[in-house]
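K.L.:
Supplied in structure tokens, the structure appears directly below.
Each value in this text was obtained by applying a stated rule to the coordinates, not by laboratory testing. Here the structure is a predicted model, which is why all the values come from computation and not from measurement. Glycine gets a Cβ as well: all are built from the backbone with ideal geometry, and neighbour counts include every protein chain shown.
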Amino acid sequence: MVRDTLLDNPRAGANGDWTIPQNWGDFTAEHHATWDTLFARQARLLPGRASQAYLRGLDVLKLSKPGIPDFEELSDRLMKLTGWQVVAVPGLVPDDVFFDHMANRRFVAGNFIRRPDQLDYLQEPDVFHDVFGHVPMLADPVFADYLVAYGQGGQRALQLGALKQLSRLYWYTVEFGLVEEAGGLRIYGSGIVSSASESRFALDDPSPNRIGFDLRRVMRTEYRIDDFQQNYFVIPSFDALLRVTVETDFAPLYEELLAQPDIAIATILPEDRVITRGTQDYARAKDNAARPG
């Protein structure tokens, strides 16, 4: 999770809660064509890779309809399923705003879409990442409840000075999580399902570690935001993820974690349940290419 903590006030034209009208009619034909291009690419790639919960959400929310979704129509469908709605924001929002929306079943989505020459990478999440990547999972009642619990936990983490630790939980589940299903490992994290290259890398490449989920382990593990992940954490089920979240008293856990060192990216611990021990070839090649000479 990466939020804009430098802004103290809503941007011009935004409401006090940072939301803005989507103004769906303002999107151009090129905007809609970009969405359709991205959607078609991922729709071909994800069957057999994405979790059943994600694929069900994609279907029941009718996201295959051409063009950028109208948030009012999308929210009507979502509200009937899990009580969530999608609200437009101009970009990244402060942490406290983000958590308040999430705790109240409002998912904030960027109200812009990448340019056609940015199909493969965009630093700030756009409407495709936010809606295609995140919203299908909000149609799953268990995962929808997990995000509510996370939003409530985020509000508490801000008070306890443990945002860094909690943000890692979001990163390694909501953004880059894997789940064990009958057919094997499947992706559900939005940063993976919305990316053609990482959809392949996360499941197929020998480079990253794939490690069984452990709450304390995840919340101590560093991550990077500008490249493929070298650790993926695998939950046994969404029920298990929700259960450990709501049954854990995070205040003493934060005290424990703040007294311990961070775990570096790509580290394997003796107590890890290692599903795949990565070669780390991808990261090594990137490091070598970056060295002068």
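K.L.:
What is the ratio of the Cα radius of gyration of the range 113-219 to 2.2 N^0.38 Å, with N the residue count, to two decimals?
P.N.:
Normalised Cα radius of gyration, the range 113-219: 1.14.
K.L.:
Additional query: Using the Cα atoms of the range 120-165 to build a convex hull, what is its mean projected area in square nanometres?
P.N.:
Projected area, direction-averaged: 4.3 nm².
K.L.:
Follow-up question, since we're still on this one. Convex hull volume of the Cα atoms in the range 18-100, per residue, in Å³?
P.N.:
122 Å³
K.L.:
Additional query: Which log10 I(q)/I(0) values does the chain give at q = 0.14 Å⁻¹ under the Debye formula, counting every alpha carbon as one identical point scatterer?
P.N.:
Treating every Cα as an identical point scatterer, log10 I(q)/I(0) equals -1.08.
K.L.:
Per residue, what volume in Å³ does the convex hull of the Cα atoms of the range 200-257 enclose?
P.N.:
In the range 200-257, the Cα hull volume divided by residue count equals 99 Å³.
K.L.:
For the range 42-196, state the average projected area of the convex hull of the C-alpha atoms over all orientations, rounded to one decimal in nm². Don't skip to the answer; put the middle values down first.
P.N.:
On the way: hull surface 35.7 nm².
Mean projected area for the range 42-196: 8.9 nm², to one decimal.
K.L.:
Loop sites only, by DSSP: take the trypsin sites (Lys or Arg not before Pro) in the chain that have at most 15 other C-beta atoms within 10 Å and name the longest stretch containing none of them.
P.N.:
That would be 63-223.
K.L.:
Using Cα positions and a limit of under 17 Å, work out the aspartates and glutamates in reach of LYS80, with same-chain residues fewer than 8 apart set aside.
P.N.:
ASP59, ASP70, GLU72, ASP140, ASP145
K.L.:
Beta carbons within 10 angstrom, averaged per residue: use that to sort the peptides 144-151, 66-73, 254-261, 33-40, highest first. Write out the running numbers ahead of the final one.
P.N.:
Working: 144-151: 20.0, 66-73: 16.2, 254-261: 12.5, 33-40: 17.8.
The most tightly packed comes first, giving 144-151, 33-40, 66-73, 254-261.
K.L.:
Using a basic spin-label model with each label point 7 Å from the Cα along Cα→Cβ, how many nm lie between ASN288 and ALA40?
P.N.:
Rounded to a tenth, the inter-label distance reads 3.8 nm.
K.L.:
A further question follows. If Lys and Arg each add +1 and Asp and Glu each add -1, what is the summed charge of the other residues whose beta carbon sits under 14 Å from the beta carbon of ARG115?
P.N.:
Residues close to ARG115 contribute a combined charge of -4.
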